[in-house]
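Heads up: the structure comes next, in structure tokens.
The values are calculated or read from the model by the stated rules, or taken from the named source; none is laboratory data. Treat the numbers as computed from the prediction; the structure is a model and nothing was measured. Positions of Cβ are backbone-derived with ideal geometry, glycine not excepted, and every protein chain shown enters the neighbour counts.
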Amino acid sequence: MSTKSRPSADSDIFEAMHSITHLYRSQQYRSLRGGERELGPMEFRALSFIARHPGCTQSDLVAHSGRDKGQLARLLRGLREAGLVAAEADAVDRRITRLGLSAAGQGMFDEMHAEGERLSRLGLAGLSAADRASLQLLLQRVQANLRGC
């Protein structure tokens, strides 16, 4: 008979962070259901990156996401065909394609962003400004520790 060891309190912290992120994203995605088009998690991340980095390239998105170039090419093709992402040749180097959101893509991003803001307020309700600042600092330290691996 095998005995399972109890996860450490440290791993419980990461499970809680994962659970919070999952709840946040699933509720954010739910706000888009019933619309003209639903986005999957990777499409959502790509759309968000392009919204925050207008004029980025597919290579920028590959570097940011750590995903395969071919996978992202297919994903971007789908977003372009859906009319959410626009692409145009770079003014200086015509071999480079710059990405941006179409009007429909910007509208979808704005809707997702507004829902994210609402969920952020809900999730942080009851925390003082000092609590929020401490939480942000602690999470930044955890992130820096993991980046240093």
In the range 50-77, the residues that are more than 16 Å from the chain's Cα centre (by Cα), loosely packed, with under 15 Cβ neighbours inside 10 Å and on the phi < 0 side of the Ramachandran plot: S59, D68, K69, G70, Q71, A73, R74, R77
Helices (runs of 4 or more DSSP H) lying entirely in the range 38-129 (those with 1 or more residues that are polar (S, T, N, Q), in contact (Cβ under 8 Å) with a residue 12 or more places away in the chain and farther than 25 Å from Y24 by Cβ): 58-65
Among (1) at pLDDT below 90; (2) over 30 Å from A86 (Cβ atoms), the one test that Q28 misses: (2)
Unique match (being out of contact with any strand residue (DSSP E or B) (no Cβ under 7 Å at 6 or more places or on another chain) and of a type in the set (V, I, T)) among V92, V85: V92
Residue within the range 92-101 that is farther than 30 Å from R147 by Cβ, at pLDDT below 95 and either surrounded by 18 or more Cβ atoms within 10 Å (Cβ to Cβ) or hydrophobic (A, V, I, L, M, F, W, C) (or both) present: yes
